[in-house]
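To keep things clear, I will list the structure first and then write my remarks on it.
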Amino acid sequence: MKSLHMCAVALLGVFVAQARAECSLDHFIIGINEDGIAGTEDDQRLFADCRQKYRRSGSPAYVNWYYPLSSSIFSDYKWRIGEPGFDAFQQTYPGVSTYDPNRCPEGVPDENYRIIVECIAVSPGLRAVHKDYPQFTIDQAGQSFNHSAIHKMRSNAHMHMSYQAVDGTSLFWITWRLVDALDDGDKYAPSKPFTVVFNRQPLSGDLVVDGIVDCHDLAAFLHHWLHAAGAISNDNYERADANRDGHVDFMDFAMLAANWLTVQD
Ligand SMILES: [Ca+2]
Ligand SMILES: [Ca+2]
């Protein structure tokens, strides 16, 4: 009987691992130590791995640099998509895409760290809705949710979000940031902002996405100037490298300059 029980537990583990590995939706993956190397300056800093962002934006994978919204049956905020959600790097379940002990926050969520997902910018007419328990809606900058509390409650960091907008053609965006709110004297430093856009691609050079190319974008661009080691997981780099050739150079600057002070219609 004991062996049957152990077998059932083992099978359940396999099913859970498969379920996690096979989620068809995209997620931001929360972690620390972005470079994965111990002893560097980012060891105690939060980050969101964006490797899955725009993966399911069409066919083939990564075909768009935005998520197209689809018309729903709801009359309010009719245009919707059910991703990207949030997940976290983890110590367990080797083999799934989020297994990475080098990037996993240490300890028990909401006890040893408390990762708050904070909205720092959202375009008018867009809202992010968590339909599962605990339900919440985010449609204003400054609103947030406690990812670690949900993680602890479910023993699972994997969560889905519904992004809902008032039309299916305008550019919509939301920018998040991760903050460790547990003041135990050993806080993780906040993450850089990361953005997800809907319906349309922002203008080339609109790194700090808000529908206009201005000095804020130039400052972000200079941060990446002449960097060649960009990756799809790096949110800001994806827009700095405007012509998507893997380098941030004069070609990309020319594309930014061509849109200087242009407002996206
Ligand atoms: Ca901008
Ligand atoms: Ca480039």
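Among the conditions (1) more than 14 Å from ligand 2 (Cβ to nearest atom); (2) touching a Gly at 6+ places or on another chain (Cβ under 6 Å); (3) not aromatic (F, W, Y), the only one that I212 does not satisfy is (2). In this structure, does L226 turn out to be within 14 Å of ligand 2 (Cβ to nearest atom), over 22 Å from the mean Cα position of the chain (by Cα) and modelled with pLDDT under 85? Here the answer is yes, as L226 does meet what is asked. Of the residues making up the stretch 241-255, just one is more than 24 Å from the chain's Cα centre (by Cα) and within 14 Å of ligand 1 (Cβ to nearest atom), namely M255. D217 meets the conditions (1) within 16 Å of ligand 2 (Cβ to nearest atom); (2) surrounded by fewer than 16 Cβ atoms within 10 Å (Cβ to Cβ); (3) among the acidic types (D, E) in every case but one. The failed one is (2). Mind listing whichever residues of the stretch 77-116 are farther than 15 Å from H158 by Cβ and outside any loop (DSSP other than H, G, I, E, B)? If the condition is that a residue be farther than 15 Å from H158 by Cβ and outside any loop (DSSP other than H, G, I, E, B), then W79, R80, I81, P101, N102, R103, Y113, I116 are the ones that fit.
Residue-level check: of (1) touching a residue at least 24 places away in the same chain (Cβ under 8 Å); (2) touching a Ser or Thr at 6+ places or on another chain (Cβ under 9 Å), S70 misses just (2).
K131 satisfies every condition listed in (1) in the same structural domain as I32 (by TED's automatic domain parsing); (2) buried (at least 19 other Cβ atoms within 10 Å of the Cβ) except (2). If you filter the stretch 183-199 down to residues that are in a loop (DSSP other than H, G, I, E, B) and surrounded by 19 or more Cβ atoms within 10 Å (Cβ to Cβ), you find that the one that is farthest from ligand 2 (Cβ to nearest atom) is Y188.
What's the total number of residues in the stretch 156-182 that are assigned to a loop (DSSP other than H, G, I, E, B) and under 20 Å from the mean Cα position of the chain (by Cα)? Within the stretch 156-182, residues that are assigned to a loop (DSSP other than H, G, I, E, B) and under 20 Å from the mean Cα position of the chain (by Cα) number 7.
Restricting attention to the stretch 232-244, does a residue exist that is part of a helix (DSSP H, G or I), buried (at least 17 other Cβ atoms within 10 Å of the Cβ), hydrophobic (A, V, I, L, M, F, W, C) and not assigned by TED's automatic domain parsing to the domain that holds R56? Checked the stretch 232-244: at least one residue is part of a helix (DSSP H, G or I), buried (at least 17 other Cβ atoms within 10 Å of the Cβ), hydrophobic (A, V, I, L, M, F, W, C) and not assigned by TED's automatic domain parsing to the domain that holds R56.
The values are calculated or read from the model by the stated rules, or taken from the named source; none is laboratory data. Keep in mind it's a predicted model, so treat the numbers as computed, not measured. We place every Cβ from the backbone using ideal geometry, glycine too, and count neighbours over all the protein chains shown.
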